[in-house]
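Below you'll find the structure, written out as structure tokens, and then a few comments.
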Amino acid sequence: MATRSSAAETHSGDDERLLIEAAKADPQRFAALYERHFERVYAFVARRTPHRGEAEDVTSEVFHHALAHLGRYEWRGVPFSAWLFQIARNSLTDRWQRAAREQEHSASDAGPIASDADADRRAMLADLVRRLPVDQQHVVVARFVERRSIGEIARALGRTEGAVKQLQYRALEALRARVRQADE
């Protein structure tokens, strides 16, 4: 039974490898990879975004990026979808960070001019947030920059509210510790 399963997986991997090589040779053949992986990538992105339009945009970006960089893709026996999911994660992270910067920029434009010390402190805090694990970064940005509720974040990340609260707690504890170290 195990032999049959691994043989099927090997055949599926070989088939996927052939599709990738064909798409590298002729970009028109990328459509087969798109058709094979679209639903899973879209579902992955949709669980992490609050709006359908945003999920569609990110999914489009993922496949556009994959097609543009397919020549650099190296087959290593790992499913092609793993590469697509990594592109999706990166696209989502970039969007969340861009939204945080835009929100920070608009907040600074609306309020009084901050002192240099305030600006330095915000820059240090932004740097510390970037050093957090990706899931913790997402929660901190969504919660404190985008001002989303725990429930909204949980739905966007495809996690439970308890898991989001735990991520937030760990992120804030790590940030507190790092700020204390920086202040010493």
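The values are calculated or read from the model by the stated rules, or taken from the named source; none is laboratory data. Note that this is a predicted model, so its numbers are computed, not measured. Virtual Cβ from ideal backbone geometry, glycine too; neighbours counted across all protein chains shown.
Brief remarks follow.
- Subset of region 156-184 (residues that are touching a helix residue (DSSP H, G or I) at 6+ places or on another chain (Cβ under 9 Å) and either touching a residue at least 60 places away in the same chain (Cβ under 8 Å) or among the basic types (Lys, Arg) (or both)): 156, 157, 158, 159, 165, 170, 178
- Residue pairs whose Cβ atoms lie under 6 Å apart, separated by 6 or more positions or on different chains, with the first residue in region 39-51 and in a loop (DSSP other than H, G, I, E, B) and the second at pLDDT 90 or above and not charged (D, E, K, R), are 49/55.
- Here is the figure for region 75-86: residues that are over 13 Å from residue 37 (Cα atoms) and at pLDDT 90 or above total 1.
- Filtered residue count, region 25-77, keeping only those that are exposed (fewer than 13 other Cβ atoms within 10 Å of the Cβ) and acidic (Asp, Glu): 4
- Listed by first and then second residue, the pairs with beta-carbon distance under 9 Å, at least 6 apart or on different chains, first residue in region 122-140 and within 15 Å of residue 173 (Cα to Cα) and at pLDDT 85 or above, second surrounded by 12 or more Cβ atoms within 10 Å (Cβ to Cβ) and among the hydroxyl-bearing types (Ser, Thr, Tyr), are 137/93.
- Residue within region 165-180 that is of a type in the set (Ser, Thr, Tyr) and not in a helix (DSSP H, G or I) present: no
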